[in-house]
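Before any comments, here is the structure.
The values are calculated or read from the model by the stated rules, or taken from the named source; none is laboratory data. Here the structure is a predicted model, which is why all the values come from computation and not from measurement. Cβ sites come from the backbone with ideal geometry, for glycine too, and all protein chains shown count toward neighbours. Ligands, DNA and RNA are excluded from the accessible area calculation, which covers all protein heavy atoms including side chains. Shrake-Rupley method; radii C 1.70, N 1.55, O 1.52, S 1.80 Å.
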Amino acid sequence: MAGVSSPPPMDEKAKRTRDLLASFYTNTSNSNSAAPSSPSAASNLTPRSPSSLDSINSPSFDASSYMSLLVQKSNLEGLLQKHVQMAAEIKNLDTDLQMLVYENYNKFISATDTIKRMKSNILGMETNMEQLLAKITSVQSKSDSVNTSLFEKREHIEKLHRSRNLLRKVQFIYDLPSRLNKCIKAEAYADAVRFFTGAKPIFEAYGDSSFQECKRASEEAINTVIQNLQEKLYSDSEPIEARAEAVVLLKQLNFPVDNLKTSLLEKLEDCLLKLEDESKDVSVGEISKTFRAYLIIFPDSEQRLIELAQGLFSRRYDAVRDQLKKRMLSVDLLELLGIIWEDVSTVDQVLPEAALPAYSLESTCSSIRQHISIAFSHLQHEISDAVAGSQSKSNEGRDELDLQIVLENSKKAAMQGSLDLLVELRQFFDEKLELLPKLRELITDWVQEGFQGFFQNLEKHFILLSGSSTNNCPLGESNHSGVLTQSPDKLPTGLVLVLSQLAVFIEQSVIPKITEEIAASFSGGGVRAYEYGPAFIPGEICRLFRSAGEKLLHLYINMKTRKISVVSKKRFTTPNWIKHKEPREVHMFVDILLQELEGVKIEVKQILPCGVIKRHRNSDSVGSGSTNSSRSHPNAMREDKLTRSNTQRARSQFLESHLAKLFEQKMEIFTKVEYTQESVISTVIKLCLKSLQEFVRLQTSNRSGYQQIQLDMEFLKAPLKQLVDDDDAAIDFLLKEVNNAAHERCLDPIPLEAPILDKLISAKLVKNKDLSASPL
Amino acid sequence: MQGASTGIVYGGLKYQARCIADVRADPDHTSFLAGTLSLKEENEVHLIRLSPSGNELLCEGLFYHQNEIWDLKSCPYDSRILSTVYTSGETYGASVWKIPEISSQSNSPQLDQLVSLDDHTAKIKSVLWWPLGKHDKLVTIDERNIFVWSIDSSNKIAKVISQESVGMLHNLSGGAWDPHDRNAVAAICDSSLQCWDLRTMKNANAIEHAHIRDVDYNPKKQHILATAEDEFGIRLWDLRMPKIPLKELPGHSHWTWAVRHNPEYDGLILSAGTDSTVNLWQVSVGSEDSAIDSPRDKRSRQIDPLLNSYTDYEDSIYGIAWSSQDPSVFASLSYDGRVVVESVKPYIQRK
């Protein structure tokens, strides 16, 4: 037990000893040093002291309480043990204290010895010091005397040395002119400049007084130097390095080099301008050499040179663009662009900073683009010329005859023109120009875009030509409409039909062909962002032209019916129908109507194809027609009855016709118009008859008025049927409708007797025959 | 006959007819007045009412009218007053009538004639009421002249306040009274639309070179009007810019006879034509606020402006009228005397 617990008490003991010693030496620091060693013991001493056995080291150690605590806590064996331990500790402490006292005593004795020795050494030192002081003072006085005696001589020497230097300098300056001349002779301009710049401060200081002559001479010399240097600079034969050196020297002489530079560059610019004027007098190779020389001579002139080079090429591209304004062939354009490209690459080797290839690429792009767009606008002109050109011809007369030719011509212009254009533009790909492969995709896009734009414009142009454009430009494009308002009157109706047909032709033949061609040679071109899709969208264009064709066809019909409607309006609004005279003959108006319709037929025949699907339509309309005609019989009979009818009957008649209509299949008057002769003519006639009906409904007539209308309609029946081969039923129906309308609007609806009707009609026929016979 | 299910048909008119008018002053019912056009018979004026359930047209009153009616208007502030323009053979006339108390329903009673507007020297074309409400003046248009009348319906007095001739060269055929300006009347002339200022009785403005059949002011936007024309179908105009139309609509396959703006839904236009169809159009006319709704404008330009074409008719349609009581309902009158009332609700909801 004791063996185990003995090492810590040893440590503890040593520590305690040290602490006690420390407290012995520094009484004040005791608390400080004790505090860190046992801070808890120090602070908690008073309350804990009775319970702690470790507080033996603290200053407030109470021996009696410690004892009583010990006696209370420990058993006898423990007390005995503690006793033994404590006795040993006390013995130890005693020896430790003895040792310490001994050691300190020894130290004290040795210190006393040392002090004794020091005292004896210091005694002899003072006299030595005094001797040294005396010697040093004597040395100092002696050195002072030497210094004063030599001072004058030294001063003199220094003065002499200065004047010698000055003299040497003066000598140099006096020699300077001759030396400079020597340098000039030897062409050692660098030395000359170095000498002169060396002498320059002196000249600046004393040039006006003592060295006047000298200064003048050397300045003369240096002027020759400058001149020579300038000559050297200007002469193209000198090696570039020499010229560069000359520039450096001139700059050292404070000569305004910038002026020189600008003059030189201006000369170069003139030279470049000349190059343009005389196109091939100075080769670009030389120019590029000059560029390089200047670049070396004037390292800071690069910016200017770049400008010059860019100017040169921009002028050349401008020239190309100017030429483009006139229509030129792709081959020629390519040749021009090729030449410029070569030149550009030559210059680029010298001046890579000018970024000429990029610029050139850009310019080439734009010129090709311009070329393409010009080509397309040219094509458009050609087509519109083919259409409109004929207009001027037709103004001289015989307009109806060449409609067909016009159509053929314009068809050819559209087809051949666009194909030729494609072939021509394809040359961009055949040519072996370094640039073009890069541009291939771009060009593809442009061509496609070009076609897209071209067809869109063409469609607009058609609508514009036809004069219906005023319909479609609300406000925004009103500027156009001012110009265009005249065109509807000017453009003959026939041409509208031609345009319509042309639109159909473009939709059905040209666009598929072009699409094919483009797919063959201008496919790809993915430069455009994907979201835009391909530039040329044949579907869209087809749709455009299809609608344009329909629009134009409708416009044609509209124009024709309007013309007839004007005539009809006059016919029905002018006379007083209530006081109409008995019909003596078929009214003149019928002739005019037929004449107009005949005109339509002639125009239509030239341009539109015959209806191929005639059979189909026929069977269709016969179906409705048969119901019609079956209805017409009882109707006629009823009308006979009605001759005796009075107002009571009229009502039943109204109801009857109402009922009849309910059972009758609705007559389709307003069918879809097709691009056939029959369809167009019958549409025009149907619309005209419908108009007649409406006009009649607005009037109130007497019996004679009704009879006149009856007669006119009866007469119209045969020629109209002749005009329309297939849609008899509709014509019958509509004529009947006109008749009915007249019947309704008549105060006294008694129709003409059939014999009189026949007589009057045959009389009219005879008359017409006579009329047509007489001019022949 | 595919459209038969949507329209409500009134077959009570036994004669041909051209005129139908909305009874604006009736706040409780959707009512229309229709007048017949028959040379030989006693003509009738029908007061037609849409049943509350909205699926039946009832005849509320049937009144004899001596002569055939070429124009019929309902008084905008008194549901029992109407005006007609009529002819009989060579004679013509215009009157303001009062619908009698509907007591003796068995017999078709006569209309009480309040006033006869008979200072006209040429054939009367139309009578115009100021469309938005009480106004003591009336405008009549005959072929040569425009008259302004002062009307006192209670005392049965009508006086001509002013009159102006358009000259022998012109032929007036109808007109419309600007709902935004009581002093402006648009009169349809031979080849132009003339805007008259009633204070000075002068022609103030004109749309030239247009063969117009019908004209209607936009009730929501001043200066905007629609015309039904010979050549172009329907065109919309801003009277401040009479040279160029704002917009064009294709109209009908034959003549476009009448055009009417919806009283409530802006840009909704109804047109009737002699091709036996009624067309419903949606157009947006950006006049002042064009900058704001230009994107929408652009979009609507791409959309077909034709919302629907009602084709279930047997004859030409000369009369159309929106109901002002229920603006999603319109009545159309075809020449054979059939009144069809249709609702355009499915098409407005789409917007």
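Got a number for residues in segment B:317-349 being open to solvent by 20 Å² or more (accessible area, probe 1.4 Å) and within 14 Å of chain A (Cβ to nearest Cβ)?
Number of matching residues: 1.
Residue by residue, here is whether (1) under 17 Å from the mean Cα position of the chain (by Cα); (2) within 11 Å of chain A (Cβ to nearest Cβ); (3) open to solvent by 50 Å² or more (accessible area, probe 1.4 Å); (4) modelled with pLDDT under 85 holds:
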position	(1), (2), (3), (4)
B:Asp216	yes, no, no, no
B:Lys220	yes, no, yes, no
B:Ile224	yes, no, no, no
B:Thr227	yes, no, no, no
B:Glu231	no, yes, no, yes
B:His252	no, yes, no, no
B:Ala258	yes, no, no, no
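Residues that are touching a Leu at 6+ places or on another chain (Cβ under 7 Å), closer than 27 Å to A:Cys746 by Cβ and open to solvent by less than 10 Å² (accessible area, probe 1.4 Å): does segment B:107-121 have at least one?
no
Checking B:Ser154 against (1) surrounded by fewer than 18 Cβ atoms within 10 Å (Cβ to Cβ); (2) farther than 30 Å from B:Ser323 by Cβ, which single condition isn't satisfied?
(2)
For A:Ala718, all conditions in the list (1) open to solvent by 10 Å² or more (accessible area, probe 1.4 Å); (2) within 58 Å of the chain's Cα centre (by Cα) hold save one; what is the number of the exception?
With (1) open to solvent by 10 Å² or more (accessible area, probe 1.4 Å); (2) within 58 Å of the chain's Cα centre (by Cα) applied to A:Ala718, the lone miss is (2).
Out of segment B:22-43, which residues are touching a Phe, Trp or Tyr at 6+ places or on another chain (Cβ under 9 Å), open to solvent by less than 10 Å² (accessible area, probe 1.4 Å) and over 19 Å from B:Ser343 (Cβ atoms)?
B:Gly35, B:Thr36, B:Leu37, B:Asn43
Mind listing just one residue for me: the one in segment A:692-706 that is part of a helix (DSSP H, G or I) and either open to solvent by 10 Å² or more (accessible area, probe 1.4 Å) or among the basic types (Lys, Arg) (or both) and, of those, farthest from the other protein chains (Cβ to nearest Cβ)?
As a first pass, look at segment A:692-706 and keep what is part of a helix (DSSP H, G or I): A:692-697, A:703-706.
Now drop any that are not either open to solvent by 10 Å² or more (accessible area, probe 1.4 Å) or among the basic types (Lys, Arg) (or both), which leaves A:695, A:697, A:703-704.
Values: A:Phe695: 10, A:Arg697: 7, A:Arg703: 12, A:Ser704: 14 Å.
Filtering segment A:692-706 for residues that are part of a helix (DSSP H, G or I) and either open to solvent by 10 Å² or more (accessible area, probe 1.4 Å) or among the basic types (Lys, Arg) (or both), the one farthest from the other protein chains (Cβ to nearest Cβ) comes out as A:Ser704.
Exactly one condition in (1) in contact with a His (Cβ under 9 Å, 6 or more places away or on another chain); (2) surrounded by fewer than 22 Cβ atoms within 10 Å (Cβ to Cβ) is false for B:Leu169; which is it?
Going through the list (1) in contact with a His (Cβ under 9 Å, 6 or more places away or on another chain); (2) surrounded by fewer than 22 Cβ atoms within 10 Å (Cβ to Cβ), B:Leu169 breaks only (1).
Report the residue count in segment B:63-78 for those that are out of contact with any Phe, Trp or Tyr (no Cβ under 6 Å at 6 or more places or on another chain), open to solvent by 40 Å² or more (accessible area, probe 1.4 Å) and modelled with pLDDT of 85 or more.
4
Inspect all residues belonging to segment A:742-753 and state whether any of them is more than 14 Å from chain B (Cβ to nearest Cβ) and surrounded by fewer than 17 Cβ atoms within 10 Å (Cβ to Cβ). Talk me through it step by step, then tell me what you get.
As a first pass, look at segment A:742-753 and keep what is more than 14 Å from chain B (Cβ to nearest Cβ): A:751-753.
Narrowing further to those that are surrounded by fewer than 17 Cβ atoms within 10 Å (Cβ to Cβ): A:753.
Yes; the residues of segment A:742-753 include at least one that is more than 14 Å from chain B (Cβ to nearest Cβ) and surrounded by fewer than 17 Cβ atoms within 10 Å (Cβ to Cβ).
Within segment A:568-587, identify whether any single residue is open to solvent by less than 40 Å² (accessible area, probe 1.4 Å), acidic (Asp, Glu) and either over 19 Å from B:His211 (Cβ atoms) or within 14 Å of chain B (Cβ to nearest Cβ) (or both), and answer yes or no.
For segment A:568-587, residues open to solvent by less than 40 Å² (accessible area, probe 1.4 Å), acidic (Asp, Glu) and either over 19 Å from B:His211 (Cβ atoms) or within 14 Å of chain B (Cβ to nearest Cβ) (or both): absent.
Residues are listed down the side, and each one gets a yes or a no for (1) assigned to a strand (DSSP E or B); (2) more than 14 Å from chain A (Cβ to nearest Cβ):
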site	(1), (2)
B:Cys19	yes, no
B:Arg24	no, yes
B:Ala34	yes, yes
B:Ile48	yes, yes
B:Gly54	no, yes
B:Asp71	yes, no
B:Tyr77	no, yes
B:Ser83	yes, yes
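Write out, first by first residue and then by second, each pair whose Cβ atoms fall under 8 Å of each other, whose residues are 6+ apart or on separate chains, and whose first residue, in segment A:188-207, is under 16 Å from A:Lys232 (Cα atoms) while the second is exposed (fewer than 15 other Cβ atoms within 10 Å of the Cβ).
A:Val193/A:Gln252
Is it the case that segment A:171-186 has a residue that's over 30 Å from A:Phe255 (Cα atoms), of a type in the set (S, T, N, Q) and either open to solvent by 80 Å² or more (accessible area, probe 1.4 Å) or at pLDDT 85 or above (or both)?
no
Could you check, for segment B:266-283, whether at least one of its residues is modelled with pLDDT under 90, open to solvent by 30 Å² or more (accessible area, probe 1.4 Å) and assigned to a loop (DSSP other than H, G, I, E, B)?
yes
Please pick out the residue among A:Lys736, A:Lys764 that is in a helix (DSSP H, G or I) and either open to solvent by 30 Å² or more (accessible area, probe 1.4 Å) or out of contact with any helix residue (DSSP H, G or I) (no Cβ under 7 Å at 6 or more places or on another chain) (or both). Break it down into steps so the answer makes sense when it comes.
Values: A:Lys764 fails: either open to solvent by 30 Å² or more (accessible area, probe 1.4 Å) or out of contact with any helix residue (DSSP H, G or I) (no Cβ under 7 Å at 6 or more places or on another chain) (or both).
Going through A:Lys736, A:Lys764 in turn, just one is in a helix (DSSP H, G or I) and either open to solvent by 30 Å² or more (accessible area, probe 1.4 Å) or out of contact with any helix residue (DSSP H, G or I) (no Cβ under 7 Å at 6 or more places or on another chain) (or both): A:Lys736.
Among the residues that make up segment A:34-53, is at least one of them loosely packed, with under 15 Cβ neighbours inside 10 Å, modelled with pLDDT of 65 or more and of a type outside the set (S, T, N, Q)?
no
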